[in-house]
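The values are calculated or read from the model by the stated rules, or taken from the named source; none is laboratory data. Treat the numbers as computed from the prediction; the structure is a model and nothing was measured. Cβ sites come from the backbone with ideal geometry, for glycine too, and all protein chains shown count toward neighbours. Surface areas here come from the heavy atoms of the whole protein model, side chains and all, with no ligands, DNA or RNA. Shrake-Rupley method; radii C 1.70, N 1.55, O 1.52, S 1.80 Å.
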Amino acid sequence: MSWHRASRPVITDHWLRSIQALVLVVLVVNIVNAHAPGLQKNPSKKYNGAGTTYNLRNIIIGRCYHYMSLHPGVGDKNCSGIWQELVDAVQRKDPCKITEEDYKHLALMAVQTIPCDKTLLWSRTNDLVHRYTKATENFITLEDTFLGFVFNGLMWCGKTFRPGMNFKCCPAWNECDHNSILSFWKMASAAFARASCGSVNVMLNGSADGDIARKESILRTVEIPTMDPTRVSEVNVWVIDDIQGEDKPVQALQCAENPNHAACNRCNYQ
């Protein structure tokens, strides 16, 4: 009996120390988890834009191979690698803190030579300028390049505290200054303008409200400043009015969509 009485305090003390050690371990693990970027739990922030395009990986890789089939001169692109570079650029990052620098490796994988005298920049003429390039095949817009073709019209952003894409919502175009979409197109636009040479053309909307090219437009803030003056010999500006306006270099295309418009009547041609 005396042996048991002497041992009980020792056993109690041993278990007390074990419990204290266990509590300390749990406390440390919780602290580490709270500060680990990949494990931190944080409710998803609600943004005003649509979520990541569904089947984004398949679309990007499919478009990549399609573009190479249409333009063999672009060279052999690593389509799976380009997808992975996009993922690496945005995952585990705040969707409003993505910069052009985050896409630098993607830009290097998608580098492309632009023929001189073929560049056609635009602002506020999205639909018309692309119908024009498809009809004439004399010029190349950003959306006709590899990067533009592959990523045009798609939406994506990552999750701040875990891998993968956010399919629920992403920042809208002007929701924050450094969102994943705006920064991508600034990067792609800069690369396109930098690669331009010879005569560069710009199509602007003369019938739009306000300035024909907004001060905050990518044309004014990125493309024009990025062009290399030692490689670009001239910049031709096309100011395009609506269908009844004075400037008519693309009126044939406008009339193709509106054949019954009074401005398209042969008797009205000057």
D_trans [Stokes-Einstein, Kirkwood Rh over alpha-carbon pairs] for the stretch 75-209, 37 °C, 0.692 mPa s, µm² s⁻¹: 205
Sequence-distant residues sharing a close amide H with N166 (under 5 Å, placed H): T52, C157, G158, K159
Heavy-atom accessible surface of the stretch 63-221: percent carbon and sulfur, 1.4 Å: 50
Surface accessible to a 1.4 Å probe, per residue, for the residues of the stretch 67-198, Å²: 45
Protection-proxy order for peptides 187-194, 111-118, each taking the mean of Cβ atoms within 10 Å per residue, highest first: 187-194, 111-118
Estimated distance in nm for a label pair at R92 and K134, the labels positioned 7 Å out from Cα along Cα-to-Cβ: 4.1
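Does the stretch 120-170 come out rounded, prolate or oblate, given a ≥ b ≥ c as the square roots of the eigenvalues of its C-alpha gyration tensor, rounded meaning a/c under 1.5 and, failing that, prolate meaning a/b above b/c? Mind dumping the intermediate values first?
On the way: a/c = 4.00, a/b = 2.90, b/c = 1.38.
Prolate.
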Hz values of 3J(HN,Hα) by residue in the stretch 47-54 - Karplus curve (6.51, -1.76, 1.60), Gly and Pro given as x: 10, 8, x, 5, x, 3, 4, 5
Placed amide H near S123: partners under 5 Å, 5+ positions off or other chain: M203, N205
